[in-house]
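Okay, so here's the structure we're looking at.
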Amino acid sequence: MAQILSEQATKGQHRRRAAVFLDRDNTLNVDHGYTWQIADFAWVTGAWQALALFHNHSIPCFIVTNQGGIGRGYYTKAQMHDFNNHLCSEAMKRGGMITDIAFCPHHPDAVHDELRAPCENRKPAPGMLLSLSEKWNLDLSASVMIGDRKSDVEAGKAAGCHAYLFDGSDLEPLARDIVARHFPDVSPYPSDKESHHD
């Protein structure tokens, strides 16, 4: 089962909110192949600008990520958490915010049987999105999934979301298009400035 990192969750006190779900590797951070070392962290072009844009429009962002490297024994859950915490910290420095992260450690070639079994959370299955939706009271039909693989798109559609395949070039223009298409009634905070590339 996927693990959820955040300690706080809303439980139905408010109306359901639309959100943006994002894959992690090669959507937000550059993937070097089972990336887990903080020293290897680097933003995909336009990624932190996209996160800042969503946050500026008060759109909650969630990461849903297959982390089969855990199952294959390449790194531990603790090491993945450290990497994720670093990503979230770097996003906050630039005006972005990750509300919560779901991950699935299963892999068909896992070193232990319990992580080799089929899992409803490993994308293209929609389990991680469904779990986050339940935890945070999200409106999946109004939400958006973004990822660089077909399995990301399939997971998003299976959960009932709009889904976009990221081509790896620059995430910010796609984010702006998504805000215009799916969040037209959400205005940016007037005190925030437009983000710029480094």
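Some notes on this structure:
- Selection status of H55, surrounded by 21 or more Cβ atoms within 10 Å (Cβ to Cβ) and either of a type in the set (V, I, T) or in contact with a helix residue (DSSP H, G or I) (Cβ under 9 Å, 6 or more places away or on another chain) (or both): yes
- Test result for H112, crowded, with 20+ Cβ neighbours inside 10 Å and touching a helix residue (DSSP H, G or I) at 6+ places or on another chain (Cβ under 8 Å): no
- Note on the range 132-160: residues that are under 23 Å from N26 (Cβ atoms) and out of contact with any Pro (no Cβ under 7 Å at 6 or more places or on another chain) amount to 13.
- Residue check, A91 surrounded by 18 or more Cβ atoms within 10 Å (Cβ to Cβ) and within 18 Å of F41 (Cα to Cα): yes
- Residue in the range 17-34 that is surrounded by fewer than 20 Cβ atoms within 10 Å (Cβ to Cβ), aliphatic (A, V, I, L, M), touching a residue at least 60 places away in the same chain (Cβ under 8 Å) and not in a helix (DSSP H, G or I) present: yes
- For A50, the conditions (1) at pLDDT 95 or above; (2) among the small types (G, A, S); (3) more than 18 Å from H86 (Cα to Cα) all hold with the exception of (3).
- Among the residues listed as R122, R72, the single one being modelled with pLDDT of 95 or more and either surrounded by fewer than 20 Cβ atoms within 10 Å (Cβ to Cβ) or in contact with a Lys or Arg (Cβ under 8 Å, 6 or more places away or on another chain) (or both): R72
- Among the residues of the range 164-173, the one identified as surrounded by fewer than 18 Cβ atoms within 10 Å (Cβ to Cβ) and assigned to a helix (DSSP H, G or I) is P173.
- Applying the criterion of being under 21 Å from K123 (Cα atoms) and under 14 Å from the mean Cα position of the chain (by Cα) to the residues of the range 94-107, the residue that is surrounded by the fewest Cβ atoms within 10 Å (Cβ to Cβ) is T99.
- Enumeration of residues in the range 41-99 that are β-branched (V, I, T) and over 20 Å from D31 (Cβ atoms): I59, T99
The values are calculated or read from the model by the stated rules, or taken from the named source; none is laboratory data. In this text, all values refer to a predicted model and were calculated from it rather than measured experimentally. Don't worry about glycine lacking a Cβ; one is built from the backbone with ideal geometry, like all the others, and counts go over all protein chains shown.
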